[in-house]
1. Could you identify the single residue in 226, 282, 258 that is in contact with a helix residue (DSSP H, G or I) (Cβ under 8 Å, 6 or more places away or on another chain) and closer than 22 Å to residue 532 by Cβ?
2. Look at the range 14-55 and say how many of its residues are modelled with pLDDT of 85 or more and either on the phi > 0 side of the Ramachandran plot or within 26 Å of the chain's Cα centre (by Cα) (or both).
3. Say whether the condition of being touching a residue at least 24 places away in the same chain (Cβ under 8 Å), under 18 Å from residue 362 (Cβ atoms) and out of contact with any helix residue (DSSP H, G or I) (no Cβ under 6 Å at 6 or more places or on another chain) is met by at least one residue in the range 473-483.
4. Need the failing condition index for residue 496 against (1) surrounded by fewer than 21 Cβ atoms within 10 Å (Cβ to Cβ); (2) out of contact with any strand residue (DSSP E or B) (no Cβ under 9 Å at 6 or more places or on another chain), just the number.
5. Pairs needed: first member in the range 142-164, over 29 Å from residue 105 (Cα atoms); second member anywhere, modelled with pLDDT under 85 and not in a loop (DSSP other than H, G, I, E, B); C-beta distance under 9 Å; at least 6 residues apart or different chains.
6. Considering each of 96, 75, 54, 92 in turn, give the residue that is part of a helix (DSSP H, G or I), in the same structural domain as residue 133 (by TED's automatic domain parsing) and closer than 27 Å to residue 300 by Cβ.
7. So which residues in the range 356-374 are touching a helix residue (DSSP H, G or I) at 6+ places or on another chain (Cβ under 8 Å) and assigned to a helix (DSSP H, G or I), if there are any at all?
8. Please enumerate the residues belonging to the range 218-230 that are under 20 Å from residue 21 (Cα atoms), surrounded by fewer than 19 Cβ atoms within 10 Å (Cβ to Cβ) and modelled with pLDDT under 90.
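The values are calculated or read from the model by the stated rules, or taken from the named source; none is laboratory data. Source: prediction; values computed, not measured. Note: ideal-geometry Cβ built from the backbone for every residue, glycine included; neighbour counts use all protein chains shown.
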C-alpha cells in the first residue's frame, strides 16, 4: 500500500479500479509533402476539420449547459473562439501553403509551438492553457482520421481515471455511470478541468506528481478528494475503513437533507448566518436547496476565465441581475475581480510576473486598470437597484487602497445620477481580510469599512508562507494554526468593537471543525460551498457558543498546528460524534 498526496479540487472519496489514459502531451504525426496544386484541397481539409470540431464543441456546450450551468459551459465557447482566432488559423494555413505540408503536420506543428510558449512559463495558468490547446489539436486531428483520440469505451462501473493531465472536454465527456473519480499528475485548482470537475461533483485530486510510474490498469485505488490523498493498492483494513466511511457518509447525506430546512442556530440559541460561495449564477439554486441564506462570496473573475474576450458592462450586469433575481431578496456579496496571480491576467502579459501572488493582483490590479474596475463597479451599481447587494474589495493591504476603491464607487454613482439610472445609494462597501497586514490593522480599517470578510485561502497562505497549490508543501497548509487563529480572533474583536459584521468566506469555512473555531473566535457569518451548508448546520446546532469559545481559546494556546488540530478534532468528536465520525481522520 502506498499513499500519495496531491491537491484536492473536488470533494468526495471513492474506492475503485484504475484506468490509465496514455500521455498525449506530444502531437506526433507524419510530415508529408504536397504538390502546389494540392494546396487548396489540403486547406479545405483543414477547414472541414475545423468546422466539424466547432459543431462538436457546440453540441458539447449545449449538453454541458444543461448539466453544469450556462456559465461553466462557456469553457467550450472559449474552445470555439480559439478555432475562430486568426492568430491560430493563419499560421496553420500559411504552413500548408508556404511549406507545402499536409494539414495534420501543420496543425501539430502550430499547436505545439503555441503550447511551448505557455508550457515554458512557471505559472500554473499557462500549463492549464496547454491542456486546452492540446485538446483542440487532438480534436482537429481526429476529424482528419489520425486516430488521436483516446478511447475510454467499455469501462466498468467505479472506474478511476488516472492521467498525466485531462482536458475540459475529456472530463465533461466522461460517462458518469462508469467514471467515479479522476487523478492527474499535473494541474491546479484554477484550471478549466478543475472547474468542470467541481461543477459535475466528480471527486478529483490533481498535482499527484508520482502517480503514473506507480500505477497500472485494473489496480485498486482510493481517491480522497477532500484531503487530496490517493491510496494505491490499499490493504483490506484501509478499504474497509473507507467502505464504512462511505456508508456513514451516505447515511449522513440522507439525514442532512432535513437539516437544510432547519434554522442555523447554536444549542444555546445564538443565530449563525450560513451563506454560499458561487462562481456562476446557476449555483444559487443549489445553495437555496441546502438552506443557505444568500451569497457571501461571488467570485466574479470567472466572467473572464470562461470567454474569449473581456466581458462588457452589460455582461457583468446581466450576470449580477440574474443572481439578484434568483436570490429573491436574499443578500448578494460581490467580490470585485481578483485578477492577477495564477488567473487570467498573466496570460495577457508579454512578461509575466515572476511571483504573481505577491505582485499586481486583486485590488492592486483593479486600481491600475481603472477601465476594467469602473466597468464592473457600474454594473454592480445598476444591479443593486433590483435587490440587496454588497461590494467587497479583495486583498486590501492599506487604507488608501480601500479609500480609492470607494472613491471610484462614488464617482460611478455620480455618473449614474446624471444619466438618471437607478441604483442603491446606500450600498455597503466592505473588504476581504486576506493578508497579515490587514489583520493586524483591523482596528483602523474597521472605522471606515462597512464589513469584514476573512478570506482564509490567502490569509493562511501568506501567514504561513505556504503555496496551497504546491503539492510538495501542501501538508504545511493548515488553517488550524495558532498564528492564523490569533489573527482571526483580532479581526473579529475589531469588528465587534466597531459594530461592523465579520464573516468568513474561505474554502476552510466548509470544514465543520474550523467552522466551530470561527464561532469560538467571534465570527457569526460563514460562507461556504452549497453542499457543505447542511453539515455545517448540523455542527452548529450541536454546539454552544461557550463550548466553541473554550475550544478556540485552548487551540490558540498550543505551540504547534499539529497539537491544535488534534485537540480540536478530538474535542469535537466527543461533542458531535455524528459529524466527526463520518469519515477517516488524519
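1. Result: 282 is the single residue among 226, 282, 258 that is in contact with a helix residue (DSSP H, G or I) (Cβ under 8 Å, 6 or more places away or on another chain) and closer than 22 Å to residue 532 by Cβ.
2. Looking only at the range 14-55, we keep the residues that are modelled with pLDDT of 85 or more, and these are 14-20, 33-55.
Among the residues that remain, those that are also either on the phi > 0 side of the Ramachandran plot or within 26 Å of the chain's Cα centre (by Cα) (or both) are: 14-16, 18-20.
Count: 6.
3. no
4. (2)
5. Between residues of the range 142-164 that are over 29 Å from residue 105 (Cα atoms) and residues that are modelled with pLDDT under 85 and not in a loop (DSSP other than H, G, I, E, B), the close pairs are 161/21; 161/170; 161/171.
6. Selected residue: 75, the only one of 96, 75, 54, 92 that is part of a helix (DSSP H, G or I), in the same structural domain as residue 133 (by TED's automatic domain parsing) and closer than 27 Å to residue 300 by Cβ.
7. The initial filter retains those residues of the range 356-374 that are touching a helix residue (DSSP H, G or I) at 6+ places or on another chain (Cβ under 8 Å), namely 356-357, 360-361, 363-367, 370, 372-374.
Passing the criteria: 356, 357, 363, 364, 365, 366, 367, 370, 372, 373, 374.
8. Across the range 218-230, the qualifying residues are 218, 219.
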